[in-house]
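Presented below is the structure to which this report refers.
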Amino acid sequence: MSGRVPQKYRLLNTYYDTPDFALRNRGIALRLRRKGWAVWLMTVKCGASGAGGLAQRSEWEAPTQPGVFNFSIVTDNALREFLVSHQHALQPVFSTDFTRTAWTLRLAGSVVELALDRGKISAPGVGGSTAPVSKPLCELELELVEGASPDALFALAIELADELHLHPEIASKAERGYALSDAALAGPVKAFASTVTQDMRPIDAFRSIALSCLLQLQRNEAGAVVGENPEYVHQARVAIRRLRSAFKLFSPVLEAGFVKVYGPRWGKLAGGLGSARDWDVFLTETLAPLEEAFPGDADLAVLRARGESTKAKAQAAAGVTLKQKGYSQLLLAFTAALFRVAAPTIEASGKASRTRLRKFAARRLQKRAEMIELLVNEHAKMNAERRHELRISFKKLRYALEFFTPILPRKRLLAYQISVAKIQDLLGTLNDQVTASRLIKEMHPKGERDSLTRGWIAGRTQLLLEALGVELRKFVAGQKPW
């Protein structure tokens, strides 16, 4: 339970702020709120109580003394009875101890409260066997007290972010407290299930999907910065790829200026995450089987040493990218654009914007499938570059299917997705062979002969091409689920 809080005790901490790693690297975290609502910068919720990423969250506050619980303020009867009956068994898991300095600002017809919290989060030693631990707490909260839209809130946040290194975060004080007490880093986070619904407009579906991608990206930030597991960087890159794919998928309903500004910026960030994943795949998928087949080979040992060294550098470079001020500003500005109420908004005018989502999805999926079928017709004479184009096309189709899953016929969709996934995996592995050849060449700058690895890659490529031909024929003959 949360412990010491100046003048008030929070039974359930519902704020979103910053994890401890961000405090060390960025100084101040940023969170945005509307009165009675919390702006989840990276959420996937939509609907009556969470439209456009604004999520209503339960929060109870009352004067109290440290360690003295008054559960009468809890409006949920079952929860209140449970807490009262178990009060004797409550143990402190962590505590927050901070000082809040607040200012009230009047901006463009809106009233915003700006609050600065400074202090620490502490946790007792795990099981009493280790010393207590604590992490600094430093966050800036902007709350819209009066005003019809969050535009003024974001405008102020962006202005402040120009002067200070503010970073929008999603981990609450409670999350950080529990993580501190467990002394554990959350594992890599994969893409979240789509939450689009039949009654959404296409632009609202895009907003929900974009926020889901941002959520996945930020949930992998901490691990990517630590740099010990390349899967965090991989999942961060997947989140960005999905977001960029959504840009293209929903382009008919997106304002051209919005796409022109943010499309390249997300592309540049993806490039900044570097090639850590490429080196990890080479070391585990190409080199490891060779080492097992030919133990003690001196050339393979050289490749291992050089590969591990380069991978470590690429992993560190990716972590640095996610600590840059430009990345924090991109998150904030992009989220502001998604929520913007006054013109210009992200929505383009035109007939497509008024199309029902089910019809819009069918048209966009059909277009992607037709592009793939044109490429499949020339599969037999494709070179590596054209197969790469085919791989990207299947990846875009797979993402589109995942985005629209809730509104497509489940039975037909499952079989189609399985077929697409098999082909994408084969094309991905083929691309890994091309990448492996390039990386080997980089590690042999003087053109040293490497017949063992080159022969292995050539043989594997041939087997993959044969399997790909079989799966492509099945795909073309299959029934589309839209």
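Numbers at a glance
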quantity: Qualifying residue in the stretch 378-388 (condition: in contact (Cβ under 8 Å) with a residue 12 or more places away in the chain, surrounded by 17 or more Cβ atoms within 10 Å (Cβ to Cβ) and not charged (D, E, K, R)); calculated: no
quantity: Residue satisfying all of: in the stretch 167-188; of a type in the set (D, E, K, R) and open to solvent by less than 20 Å² (accessible area, probe 1.4 Å); nearest to the chain's Cα centre (by Cα) among these; calculated: E169
quantity: The stretch 246-260, residues that are free of Cβ contacts under 8 Å to residues at least 40 places away in the same chain and more than 18 Å from the chain's Cα centre (by Cα); calculated: S251, V259, K260
quantity: Complete set of residues in the stretch 324-371 that are of a type in the set (S, T, N, Q) and in a helix (DSSP H, G or I); calculated: S328, Q329, T335, S353, Q366
quantity: Scan of the stretch 182-203 for residues that are among the charged types (D, E, K, R) and in a loop (DSSP other than H, G, I, E, B), ordered by number; calculated: K190, D199, R201
quantity: Qualifying residue in the stretch 278-298 (condition: under 15 Å from P230 (Cα atoms), open to solvent by 60 Å² or more (accessible area, probe 1.4 Å) and in a helix (DSSP H, G or I)); calculated: yes
quantity: Among the residues listed as R237, R265, R207, R244, the single one being in a helix (DSSP H, G or I), closer than 21 Å to T435 by Cα and not aliphatic (A, V, I, L, M); calculated: R237
quantity: Selection within the stretch 250-262 - within 21 Å of A336 (Cβ to Cβ), assigned to a helix (DSSP H, G or I) and open to solvent by 20 Å² or more (accessible area, probe 1.4 Å); calculated: S251, A256, G257, V259, K260, V261, Y262
quantity: Candidates T461, T453 - the one that is of a type outside the set (G, A, S), in contact with a helix residue (DSSP H, G or I) (Cβ under 7 Å, 6 or more places away or on another chain) and closer than 16 Å to H379 by Cα; calculated: T461
quantity: Positions within the stretch 100-156 being farther than 21 Å from H167 by Cβ, in contact with a Pro (Cβ under 8 Å, 6 or more places away or on another chain) and touching a residue at least 12 places away in the same chain (Cβ under 8 Å), in sequence order; calculated: S122, A123, P124
quantity: Total residues in the stretch 68-103, condition at pLDDT 90 or above, loosely packed, with under 12 Cβ neighbours inside 10 Å and either outside any helix (DSSP H, G or I) or touching a strand residue (DSSP E or B) at 6+ places or on another chain (Cβ under 7 Å) (or both); calculated: 4
quantity: Condition check for Q417: in contact with a Leu (Cβ under 6 Å, 6 or more places away or on another chain) and either under 26 Å from L287 (Cβ atoms) or open to solvent by 20 Å² or more (accessible area, probe 1.4 Å) (or both); calculated: yes
quantity: Residue check for G307: surrounded by 14 or more Cβ atoms within 10 Å (Cβ to Cβ), part of a helix (DSSP H, G or I) and either in contact (Cβ under 8 Å) with a residue 60 or more places away in the chain or not charged (D, E, K, R) (or both); calculated: yes
quantity: Qualifying residue in the stretch 395-413 (condition: open to solvent by less than 30 Å² (accessible area, probe 1.4 Å), among the charged types (D, E, K, R), touching a residue at least 40 places away in the same chain (Cβ under 8 Å) and over 13 Å from F282 (Cβ atoms)); calculated: yes
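The values are calculated or read from the model by the stated rules, or taken from the named source; none is laboratory data. Computed from a predicted model, the values in this text were never measured in an experiment. Backbone-built Cβ (ideal geometry, glycine too); neighbour counts: all protein chains shown. Accessible surface is based on the protein model in full, side chains and every heavy atom, while ligands, DNA and RNA are left aside. Shrake-Rupley method; radii C 1.70, N 1.55, O 1.52, S 1.80 Å.
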